[in-house]
Amino acid sequence: METAAPPALDLGGVTVTWLEDIGAMSFAAADLLPEDRDGAGTDLELTFGGYLIATGTENVLVDAGVGDGKARSRPGWDHRSANALPRALERAGVAPADVGTVHLTHLHADHVGWCTRRDGDSWTPVFPRARHQVLAAELRWAGEGVARDPGFLYGSYEDSVRPLVPHGLLDAVDDGHRPAGPIEVRAVPGHTPGSSVVIVRGTRDTAVLSGDLIHHPRQFAGPLVCSRFCVDRAASARVRREVLGWVAEHDAVLMPAHFGWGRVAAEGDRFRYRPIPR
């Protein structure tokens, strides 16, 4: 069993730690980035998990991975039993009860899985004291989708989001919300109607936890290329270029949901990514 501490980046008074849930999973490029003609015929590798932000007084989890025990139609996500993200949290020295906020950048199944775990015949919160927050537009969109089809979002709303409600742990928040002093939530609608990024400002560095704003490094060279999971492709392409431009201008650290963190440089209409080893 792995005992090493998970990778972390000290921004100056604020530490961001990667909590891995799935280390690597391959997707056909045509399935993930169908608009990327240059990548046709290749496989793209993604990772899944969440980020723990520790301010010294508060612990904020951004996204909650795929989870265990969930019925999913996608192979590799179905009825997992690895307990990976909670083990990574433990190796970071944090107990589930010590997490005060869980911010969900959006409500796709691979970002909400560890909000709940199976307890007999019901789903119970993994983080029993945490306020689980998501932009109001995202909650409306997901609720409307589930009303039409209970299987919407691979069924993840029903087993990972709705069970938070009777415990009083689910909050709708707005653009600009601050879960803690150095942490700010910004709306980036496009991938989903209520997608968000999280900006973390330390005394030494700034990081942008970008959720699914960008899925794979191939999109730096083609920032207008969208994943097939984007609800509004035009809006997704627009906010991706805007956020990557902001990250490059401010020399911030980009922390994507599905590959390693690094810095971004603007090169005309494209961007170049410089990974930071973790």
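Before we move on, is THR105 of a type in the set (Ser, Thr, Tyr), crowded, with 23+ Cβ neighbours inside 10 Å and touching a residue at least 60 places away in the same chain (Cβ under 8 Å)? Considered against the rule, which asks whether it is of a type in the set (Ser, Thr, Tyr), crowded, with 23+ Cβ neighbours inside 10 Å and touching a residue at least 60 places away in the same chain (Cβ under 8 Å), THR105 comes out as yes.
The rows are residues; the columns are (1) assigned to a helix (DSSP H, G or I); (2) on the phi > 0 side of the Ramachandran plot; (3) in contact with a Lys or Arg (Cβ under 8 Å, 6 or more places away or on another chain).
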{"position": "LEU44", "(1), (2), (3)": "no, no, yes"}
{"position": "LEU52", "(1), (2), (3)": "no, no, no"}
{"position": "LEU61", "(1), (2), (3)": "no, no, no"}
{"position": "ALA71", "(1), (2), (3)": "no, no, no"}
{"position": "SER81", "(1), (2), (3)": "no, no, no"}
{"position": "LEU107", "(1), (2), (3)": "no, no, no"}
{"position": "HIS111", "(1), (2), (3)": "yes, no, no"}
{"position": "ARG117", "(1), (2), (3)": "no, no, no"}
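Looking only at segment 63-74, decide whether some residue is at pLDDT below 95, open to solvent by less than 70 Å² (accessible area, probe 1.4 Å) and touching a helix residue (DSSP H, G or I) at 6+ places or on another chain (Cβ under 9 Å). Among the residues of segment 63-74, at least one is at pLDDT below 95, open to solvent by less than 70 Å² (accessible area, probe 1.4 Å) and touching a helix residue (DSSP H, G or I) at 6+ places or on another chain (Cβ under 9 Å), which makes the answer yes.
Does at least one position in segment 167-175 carry a residue that is acidic (Asp, Glu), touching a residue at least 40 places away in the same chain (Cβ under 8 Å) and buried (at least 18 other Cβ atoms within 10 Å of the Cβ)? Within segment 167-175, none of the residues are acidic (Asp, Glu), touching a residue at least 40 places away in the same chain (Cβ under 8 Å) and buried (at least 18 other Cβ atoms within 10 Å of the Cβ). Screening THR206 with (1) crowded, with 16+ Cβ neighbours inside 10 Å; (2) under 17 Å from LEU135 (Cα atoms) gives one miss only, at (2). Within segment 25-42, the set of residues being open to solvent by 10 Å² or more (accessible area, probe 1.4 Å) and outside any strand (DSSP E or B) comprises ALA30, ASP31, PRO34, GLU35, ASP36, ARG37, ASP38, ALA40, GLY41, THR42.
Only one entry in VAL239, VAL243, VAL264, VAL200 is touching a Gly at 6+ places or on another chain (Cβ under 8 Å), open to solvent by less than 80 Å² (accessible area, probe 1.4 Å) and in contact (Cβ under 8 Å) with a residue 40 or more places away in the chain, namely VAL239.
For segment 126-166, the set of residues classified as surrounded by fewer than 22 Cβ atoms within 10 Å (Cβ to Cβ), touching a Gly at 6+ places or on another chain (Cβ under 6 Å) and farther than 20 Å from ARG228 by Cα consists of ALA137 only. One residue alone among ASP43, ASP36, ASP31, ASP68 is farther than 19 Å from GLY113 by Cα, among the acidic types (Asp, Glu) and touching a Gly at 6+ places or on another chain (Cβ under 8 Å), and that residue is ASP36.
For beta carbons closer than 9 Å, sequence separation of 6+ or different chains, a first residue in segment 8-24 that is buried (at least 19 other Cβ atoms within 10 Å of the Cβ) and a second that is polar (S, T, N, Q) and not in a strand (DSSP E or B), the qualifying pairs are LEU11/THR203; VAL14/THR55; VAL14/THR203. If you go through segment 75-97 and pick out every residue that is modelled with pLDDT under 95 and acidic (Asp, Glu), you end up with 0.
Being in a loop (DSSP other than H, G, I, E, B) and in contact with a Lys or Arg (Cβ under 7 Å, 6 or more places away or on another chain) is the filter here; which residues of segment 5-24 pass it? Write out each step before concluding.
Quick first cut of segment 5-24, residues in a loop (DSSP other than H, G, I, E, B) only: 5-7, 11-14.
ALA5, PRO6, PRO7, LEU11, GLY12 - these are the residues of segment 5-24 that are in a loop (DSSP other than H, G, I, E, B) and in contact with a Lys or Arg (Cβ under 7 Å, 6 or more places away or on another chain).
Of a type in the set (Val, Ile, Thr), under 19 Å from ALA207 (Cα atoms) and open to solvent by less than 40 Å² (accessible area, probe 1.4 Å): does that describe THR55? When the stated conditions are applied, THR55 passes them.
Would you say ALA40 is among the small types (Gly, Ala, Ser) and farther than 25 Å from VAL134 by Cα? Yes. Within segment 209-232, the set of residues being surrounded by 16 or more Cβ atoms within 10 Å (Cβ to Cβ) and among the basic types (Lys, Arg) comprises ARG218 only.
Take segment 108-120 and flag every residue that is surrounded by fewer than 15 Cβ atoms within 10 Å (Cβ to Cβ) and in contact (Cβ under 8 Å) with a residue 40 or more places away in the chain. Before you say what the answer is, go through the steps one by one.
Initial filter on segment 108-120 (surrounded by fewer than 15 Cβ atoms within 10 Å (Cβ to Cβ)): 118-120.
Result: ARG118, single match.
The values are calculated or read from the model by the stated rules, or taken from the named source; none is laboratory data. As the structure is a prediction and not an experimental result, all values here were calculated from the model. FYI the Cβ positions are ideal-geometry reconstructions off the backbone, even for glycines, and counts take in every protein chain you see. Just so you know, the surface numbers come from the protein's heavy atoms only, side chains and all, with ligands and any DNA or RNA stripped out. Shrake-Rupley method; radii C 1.70, N 1.55, O 1.52, S 1.80 Å.
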